[in-house]
1. Being more than 8 Å from chain A (Cβ to nearest Cβ) and surrounded by fewer than 24 Cβ atoms within 10 Å (Cβ to Cβ) is the filter here; which residues of region B:109-121 pass it?
2. How many of the residues in region B:447-458 are at the interface with another protein chain (Cβ under 8 Å from one of its Cβ atoms), without any contact (Cβ under 8 Å) to a residue 12 or more places away in the chain and within 31 Å of the chain's Cα centre (by Cα)?
3. Tell me which residues, restricted to region B:252-273, are within 14 Å of chain A (Cβ to nearest Cβ) and surrounded by fewer than 19 Cβ atoms within 10 Å (Cβ to Cβ).
4. State which residue is nearest to the other protein chains (Cβ to nearest Cβ) when the search covers only region A:50-108 and only residues that are in a loop (DSSP other than H, G, I, E, B) and of a type in the set (A, V, I, L, M).
5. Checking the condition in contact (Cβ under 8 Å) with a residue 60 or more places away in the chain and more than 14 Å from chain A (Cβ to nearest Cβ), which residue from B:A339, B:A345, B:A368, B:A364 passes?
6. Going residue by residue through region B:336-352, is there one that turns out to be closer than 14 Å to B:A372 by Cα, surrounded by 19 or more Cβ atoms within 10 Å (Cβ to Cβ) and touching a Leu at 6+ places or on another chain (Cβ under 6 Å)?
7. Report yes if B:I389 is under 18 Å from the mean Cα position of the chain (by Cα), hydrophobic (A, V, I, L, M, F, W, C) and either in a loop (DSSP other than H, G, I, E, B) or not assigned by TED's automatic domain parsing to the domain that holds B:V43 (or both), otherwise no.
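The values are calculated or read from the model by the stated rules, or taken from the named source; none is laboratory data. Computed from a predicted model, the values in this text were never measured in an experiment. For neighbour counting, all protein chains shown are included, and Cβ atoms are generated from backbone atoms with ideal geometry for every residue, glycine included.
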Protein chains: 2
Amino acid sequence: MNGAESLVRSLLDAGVDTCFANPGTSEMHFVAALDHVPGMRCVLGLFEGVVTGAADGYARMTDKPAATLLHCGPGLANGLANLHNARRAHAPVLNLIGDQATHQAPLDPPLTADTMAFAQGVSVWTRRATSADRVAADAMEGLRAAIEGPGVASLILPSDTCWDEGGVVAPALPRGPRPQADAKALEVAERMLRNGRRTALMLAGAALREAPLELASRIAQATGAVVMAPTQVKRVQLGQGRLMPAKVPYAIDPALEMMAQFDQIILIGAKAPVQFFAYPGKPGVPYRADTVIHTVTRPGMDDLHALDVLAEALGVGAALPLPAAPDYGPISGAITAEAFAAGVAQLLPENAILVDEGVSFGRAVYPALAHAKPHDYLQLTGGAIGDGIPMATGAAVACPDRRVVDIQADGSGLYTVQGLWTQAREALNVTTVVLSNQRYAILEGELKAVGATQGKTATDMLTLDRPSIDWPSIAKGFGVPATRVEDMESFAKVFEAVNAEDGPHVIEVMI
Amino acid sequence: MNGAESLVRSLLDAGVDTCFANPGTSEMHFVAALDHVPGMRCVLGLFEGVVTGAADGYARMTDKPAATLLHCGPGLANGLANLHNARRAHAPVLNLIGDQATHQAPLDPPLTADTMAFAQGVSVWTRRATSADRVAADAMEGLRAAIEGPGVASLILPSDTCWDEGGVVAPALPRGPRPQADAKALEVAERMLRNGRRTALMLAGAALREAPLELASRIAQATGAVVMAPTQVKRVQLGQGRLMPAKVPYAIDPALEMMAQFDQIILIGAKAPVQFFAYPGKPGVPYRADTVIHTVTRPGMDDLHALDVLAEALGVGAALPLPAAPDYGPISGAITAEAFAAGVAQLLPENAILVDEGVSFGRAVYPALAHAKPHDYLQLTGGAIGDGIPMATGAAVACPDRRVVDIQADGSGLYTVQGLWTQAREALNVTTVVLSNQRYAILEGELKAVGATQGKTATDMLTLDRPSIDWPSIAKGFGVPATRVEDMESFAKVFEAVNAEDGPHVIEVMI
């Protein structure tokens, strides 16, 4: 058995049965092993950014890593942006990155690059395999690191470690339970929740699932604390009967305004909030300088246990009934941000997965989702745009029985538009709703924020309307049917219809 | 004057008047300065890989750097693959990469990444600016490094170095002449060319322009040496009346066969050839173990001077007349690799720029070009696919009066297909000829080469025909007119017609 085969067999034994791939020459022995050993679902992306974003989406929905198969150096580089998002989401991903054979690398062939440095920038664990007999064991260490992180683990595979004979199938490594919060940290949090000061209970990562959110909402109701989430979240379970955490606004002034109320912030699986970008003369964090920050659990720890202990210690009661859904009026008229958000919330299918890369126009969607049917909400977490189409693709691979809806800003969607083809190929149940404003609207706002007026050169760099992008044509080119809509009635009609059908569809919403 | 304005003014003073850009929030002050100070042509790409590949193409045609404007961390990461190609081409590029403000970076906002490590992997020079009063001087050092390398220089711009007042316009730094070959190295080369042994005169980089090639061809005729070029070249001036250097074949067996004949290899601006990838049991370099390798000039040195000295020392005569063009028959019938290559060669407009990312099917094009009208031939040099559409875009920006023809493999073209939009927006004279075989044919060959039979899983990872990609629809979506052709008559008719028109066109050639 060669190294590649031992690797594939070990991955399958350990439960890694999905591989998002864009292979190159240095990965051919691994491809041959995937071909030869049955059991791995291989999903091809036309570009590595699709591959890595799909692995991120898959991980968020399954809580286990998919493998990626990436080509050496520049191939990995093409996938870094969405690995950065996965890193910031603490999403488990196991990258398998081909590389020059051990003896070829010193000759510096043209494709040789510093694969190690590229991988380290996004990974909690990085290793270059050195021999066929160790390569499967290396992968099992990487897998454990990805799951325990949770995060991105990267195994670099010189091609000789795959083609050499002597591969040894390696067992999955034992994993301990998630670390629990320190008793002292819990006591401090309890005291803070009783001291009558204005408190944010900031949740992130796994703490935003239904069970911990329900505990947090009971704690909040008992103590007057406010349940909050970061500006961009990995995955929140939202909808009727669930508490919607408020998110820290992206724009600095609303963020400062919202966070100024808090005397103390208790962190459950979350980091203290920080502004995405600095602005001249404004603070780098949205909370007050005298706000007390207290960490109960860090990412990867047992958030549910911590909230359980706190709820018990505080003797909180059952959650109060949440407010009933508003009486939605008919869906009609012009496509404003608010009408669009309300329409999506009203029509979102039960148990849908909503991927939000709506950027500027889509910012009204999140608050409207409080009264939608129960669903999962995913978002790019690292600010690296171009995650929406790939993440929706991976989520749909992970959950074939659920509808995935990607609320997609046009400028961001064009980064990784090739992902539509994978949706067509795999017949994935994804509705991509493109918000077509034909500009980088968020940057127009940012330019205004720095006090500049917008002249011709800046306009040329911030607008996408010369020529107009024709999304239905692009989607058709990649094999995905598409419809353009210009008012809310048409949007509602198309959105309902395609969500009930099998397979992908693109709706271009002219805004 | 703030740092950004001092930077823009210094770049313009130094002759950098073109900026390929995909900005983000951290670059808004630089965008404002570009808007405020007239003179910089800013060309927007929808994805950073388009931006960096265009800068590569621009540099190859002008021999001077364009600036790129890239967003921090993941933005740069998206552009790394084509910067890798530029690095391998020794093409001068000056990257301006936004980053978190100096005081914000330690707070680790979501978009923060190891921008420095990413940049160092592709750059001959990398620096993080530290203050507004130094930022323009930093850029001038980077510019000199890019030109002298020649290569990629990367200046990371924390946003406060752009927005702070106190910017100081900096003058371009003096640059010395290109280093000349060592006299001893020239004497050794002369002796080698006289010793009667079988010799390859291997040229790369600037040595493949018309004047040095002409000298090399006279030396070859006088001494029996063979003029050669690497497998993938930065830029060769080809066509009627010019010697066509033989390229080292990509595939290992033909490469070994060709190079086995040589007792000695003399390098002018070139590295000794190395195989793109290792294969089990095969050597890593294509030449014999006893072949003598002698370096006369390295990249960036004065190749023309070296060849002049050698020609003089050897007393070579005028070049013999080159053979006349073959009598091309009518262009008709099925689209075979040979018919296609002959058709392109016959119809290529005078003084065209031919970008070759034809990969497998396109491999017949290069030899056929010997008898085309005089033209420039560019190729991706680092093996990072997805350089064709962006490089053609940059070459067309550099040379608005010349027709650019991109011979484009379909799988590679899909990596950076967004570049078509920039061609439409800038009304660039680019004909993109997509070779649509709907598969990664090169990888099918590589899989065969490793001795594997191709089963369903491998086929799924190597084919693009489920669903078929519809290039005319995609092109139309990006604003570029497109035509599909299925036989040589139609190809010839469309190719001639669109080459005579202004603006871009895509021809999808079904093969």
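1. So the first thing to find is which residues in region B:109-121 are more than 8 Å from chain A (Cβ to nearest Cβ), and the list is B:112, B:115-116, B:119.
Hits for region B:109-121 are B:T112, B:M116.
2. Total meeting the criteria: 1.
3. Just the residues of region B:252-273 that are within 14 Å of chain A (Cβ to nearest Cβ), to begin with: B:252, B:255, B:270-273.
B:I252, B:K271, B:A272, listed by residue number.
4. Restricting attention to region A:50-108, the residues satisfying the condition of being in a loop (DSSP other than H, G, I, E, B) are A:63-66, A:71-73, A:90-92, A:100-104, A:108.
Okay, now just the ones that are also of a type in the set (A, V, I, L, M), so A:66, A:91, A:101.
On the way: A:A66: 15, A:A91: 14, A:A101: 4 Å.
Ranking the qualifying residues of region A:50-108, first place goes to A:A101.
5. Working: B:A345 fails: in contact (Cβ under 8 Å) with a residue 60 or more places away in the chain; B:A368 fails: in contact (Cβ under 8 Å) with a residue 60 or more places away in the chain; B:A364 fails: in contact (Cβ under 8 Å) with a residue 60 or more places away in the chain.
Being in contact (Cβ under 8 Å) with a residue 60 or more places away in the chain and more than 14 Å from chain A (Cβ to nearest Cβ) holds for just one of B:A339, B:A345, B:A368, B:A364, which is B:A339.
6. Yes, region B:336-352 has at least one match.
7. Numbers: under 18 Å from the mean Cα position of the chain (by Cα): yes; hydrophobic (A, V, I, L, M, F, W, C): yes; either in a loop (DSSP other than H, G, I, E, B) or not assigned by TED's automatic domain parsing to the domain that holds B:V43 (or both): yes.
Answer is yes for this residue.
Conditions tested, residue by residue: (1) closer than 27 Å to A:R60 by Cβ; (2) in contact with a Cys (Cβ under 9 Å, 6 or more places away or on another chain); (3) of a type outside the set (G, A, S).
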site: A:G142; (1), (2), (3): yes, no, no
site: A:A145; (1), (2), (3): yes, no, no
site: A:P150; (1), (2), (3): yes, no, yes
site: A:D160; (1), (2), (3): no, no, yes
site: A:G166; (1), (2), (3): no, no, no
site: A:V169; (1), (2), (3): no, no, yes
site: A:A172; (1), (2), (3): yes, no, no
site: A:P177; (1), (2), (3): yes, no, yes
site: A:E190; (1), (2), (3): no, no, yes
